[in-house]
Amino acid sequence: MARSTKYIFVTGGVISSLGKGISAAAIGALLESRGLRVNFLKLDPYINVDPGTMNPLQHGEVYVTEDGAETDMDLGHYERFTHTRTRQANNCTAGRIYYRVITKERHGDYLGGTVQVIPHITDEIQLVFTEGSQDCDVAIIETGGTVGDIESLPFLEAIRQFRGKQNRGDVLNIHVTLVPYIKTADELKTKPSQHSVAALRQIGIQPDILLCRGERDLPLDIRRKLALFCNVPEDCIFGARDVESIYMMPTYFHSQNLDGKICELLNIWSKDPDLEPWEHICDTIRNPSKEVRIALVGKYVKLHESYKSLIEALNHGGYANDCKVCLDYIDSEELESMNEGEIEDVLGNADGILVPGGFGVRGTEGKIRAIEYARTHNVPFFGICLGMQMALVEYARHVCGWSDANSSEFYPDTPHPVIHLMASQEIVTEKGGTMRLGAYPCCLADGSHAREIYGKREISERHRHRYEVNAALRPELEKAGILFSGTSPDDTLVELFELPGHPWYIATQFHPEYQSKPTAAHPLFASFIQAAILQQTKNGMRIGSGT
Ligand code: GLN
């Protein structure tokens, strides 16, 4: 067991999207499998204080932690691959660092000194390293961006300084780089990696380990060439080739002894890794006995990264049922102008329909049409956050007969605001900082479907929204058949509702997807996929019909 905290810094070179986050998470999984406690820190070089107000189509999903921080989606990978519970301290942007330094400066903390990138910004970054590395044997610190970017320079400089202050053998630099395959020359190319490592060394960082992303495994001659030009020992150069599923990364890295090498370099004595859970997941992914189609009806379907946790949670639900989940991404806006026959063409093949969260009015009427289809055709339906709110609107319009029902977010003067801002909520004057964020407790009604699925009465789930179910209209909606089976402990807030009599219809104000793991699927997702499998049997078997 390690005595003091050891640090692994993960940087990226050549291009973005090399899978640094997955690599960091997979390394964490391997170290955990050796009995070590890991923690993570993600540094983002942009100026926003957090990604909360960033467009999902630009930045991907905003991941919400238990303590209500809106963070980078890599934190989702960290939680899915390990037992770490991330918090605000596990994600920091350049904007937050500058904000902290400027706040101190305004407070007079620098005693009249000139406040500069070195040492003030770099000192603050090092403080963040330690804040994000509490209670662990190994802290894995990932820097966003690519080496060579102007924006990442202060972070890299902080890493260089930090290493100098630690004991020898307590800090490791892992550089994730690209080794492209050039088809016409039938060759793997090392030059981009050579340049990237040269850029790192210019800043004063010599990588200890290279993870080489590419389409193929690294042959020995390429490894040797990289070793020579990058000044990294041959046995510290590892392949990170494309694999079928991100969950194959831990066993793939282990097959090359990456975890053994990390422990050797960091001087950590640990037990042999127990990789049985990961091997089991790999088997399930490779040989599913069933296949279902889920329609995901949302606004951000053009960038799948926007629904990262959701897509992963659906996959996990599949693993729990030995089933492959095929997703049909459906742009809700496109449903709006369709006639019934066209809707049938788009949704008729789905074994389950999921309407996720979102912001803004665009596409909401299309979501309502998808929900109506699921309700009236008895297709398993899962509504999450905005998906839940629109489900209530759909029911109010088509079952209660309140044709003007809506969320006051989209129709402020509707006579039937089934979703609204509560009187106690302050008037929204600024975007950001006004939402119900993070984990809240929820009580499930005895005898309800949700209670049966969770197998317990009290649950805790994470939220990210402003609007709530209008308590004044609850009695009439209940009379019309809705079961508000999940509420806050004082029964004032609706957290979940269901439709008795429907094969599977659950709508949640919270985001259950944030807590699902490949090795422990969230119960709602496991149950939803199980219902989709049943639905498929009803529709007639389509196993093996391809994706
Ligand atoms: N726009 C809705 C609200 O703020 C739903 C948000 C969401 O789906 N995350 O309440």
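The values are calculated or read from the model by the stated rules, or taken from the named source; none is laboratory data. Everything numeric here is computed off the predicted structure, so don't read it as measured data. Here Cβ is always computed from backbone atoms with ideal geometry, including for glycine, and neighbour counts include all displayed protein chains. Quick note on the areas: whole protein, heavy atoms, side chains included, nothing else; ligands and nucleic acids left out. Shrake-Rupley method; radii C 1.70, N 1.55, O 1.52, S 1.80 Å.
Brief remarks on what is shown
- Ser424 closer than 22 Å to Gly68 by Cβ and part of a loop (DSSP other than H, G, I, E, B): yes
- Test: Glu291 is in contact (Cβ under 8 Å) with a residue 24 or more places away in the chain, out of contact with any helix residue (DSSP H, G or I) (no Cβ under 8 Å at 6 or more places or on another chain) and more than 16 Å from the ligand (Cβ to nearest atom): yes
- Considering region 308-359, the residues that are open to solvent by 50 Å² or more (accessible area, probe 1.4 Å) and of a type in the set (Gly, Ala, Ser) include one that is nearest to the ligand (Cβ to nearest atom), namely Ser337.
- Some residue of region 232-242 being among the basic types (Lys, Arg) and either more than 21 Å from Glu32 (Cα to Cα) or open to solvent by less than 10 Å² (accessible area, probe 1.4 Å) (or both): yes
- Residues of region 454-472 classified as buried (at least 19 other Cβ atoms within 10 Å of the Cβ), more than 16 Å from the ligand (Cβ to nearest atom) and in contact (Cβ under 8 Å) with a residue 60 or more places away in the chain, total: 1
- Comparison of Arg223, Arg216 shows that the only residue that is surrounded by fewer than 21 Cβ atoms within 10 Å (Cβ to Cβ) and charged (D, E, K, R) is Arg216.
- Entry remark, region 528-547: residues being surrounded by fewer than 19 Cβ atoms within 10 Å (Cβ to Cβ) and at pLDDT below 90 number 11 in total.
- Flag for Gly447 being within 17 Å of Gly383 (Cβ to Cβ), free of Cβ contacts under 8 Å to residues at least 24 places away in the same chain and surrounded by fewer than 18 Cβ atoms within 10 Å (Cβ to Cβ): no
- Filtering region 360-410 to residues that are more than 16 Å from the ligand (Cβ to nearest atom) and hydroxyl-bearing (Ser, Thr, Tyr) leaves Tyr373, Thr376, Tyr395, Ser403.
- Considering residues of region 431-444 that are more than 19 Å from Arg87 (Cα to Cα) and out of contact with any Phe, Trp or Tyr (no Cβ under 9 Å at 6 or more places or on another chain) only, the residue surrounded by the fewest Cβ atoms within 10 Å (Cβ to Cβ): Lys431
- Region 126-144, residues that are more than 20 Å from His83 (Cβ to Cβ) and among the hydroxyl-bearing types (Ser, Thr, Tyr): Thr130, Thr143
- Cβ-Cβ contacts under 9 Å between residues 6 or more apart (or on different chains), taken from a first residue in region 297-310 that is in contact (Cβ under 8 Å) with a residue 60 or more places away in the chain and within 20 Å of Tyr78 (Cβ to Cβ) to a second residue that is part of a helix (DSSP H, G or I) and among the hydroxyl-bearing types (Ser, Thr, Tyr), are listed as Ser309/Tyr514.
- For region 154-181, a residue qualifies if it is surrounded by 24 or more Cβ atoms within 10 Å (Cβ to Cβ) and more than 16 Å from Ile203 (Cα to Cα), and the qualifying residues are Val176, Thr177, Val179.
- Any chance Val418 is away from the ligand (no atom under 16 Å from the Cβ), open to solvent by less than 40 Å² (accessible area, probe 1.4 Å) and in a strand (DSSP E or B): no
- In this structure, Asp413 does not qualify as away from the ligand (no atom under 15 Å from the Cβ) and either closer than 14 Å to Ser332 by Cα or touching a Lys or Arg at 6+ places or on another chain (Cβ under 9 Å) (or both).
- Here Gly145 fulfils each of the conditions (1) within 19 Å of Ile15 (Cβ to Cβ); (2) surrounded by fewer than 21 Cβ atoms within 10 Å (Cβ to Cβ); (3) at pLDDT below 90 apart from (2).
- The residue that is nearest to Thr5 (Cα to Cα), among those in region 127-142 that are open to solvent by less than 10 Å² (accessible area, probe 1.4 Å) and among the β-branched types (Val, Ile, Thr), is Val138.
- Boolean, Phe525 is surrounded by 22 or more Cβ atoms within 10 Å (Cβ to Cβ) and away from the ligand (no atom under 16 Å from the Cβ): yes
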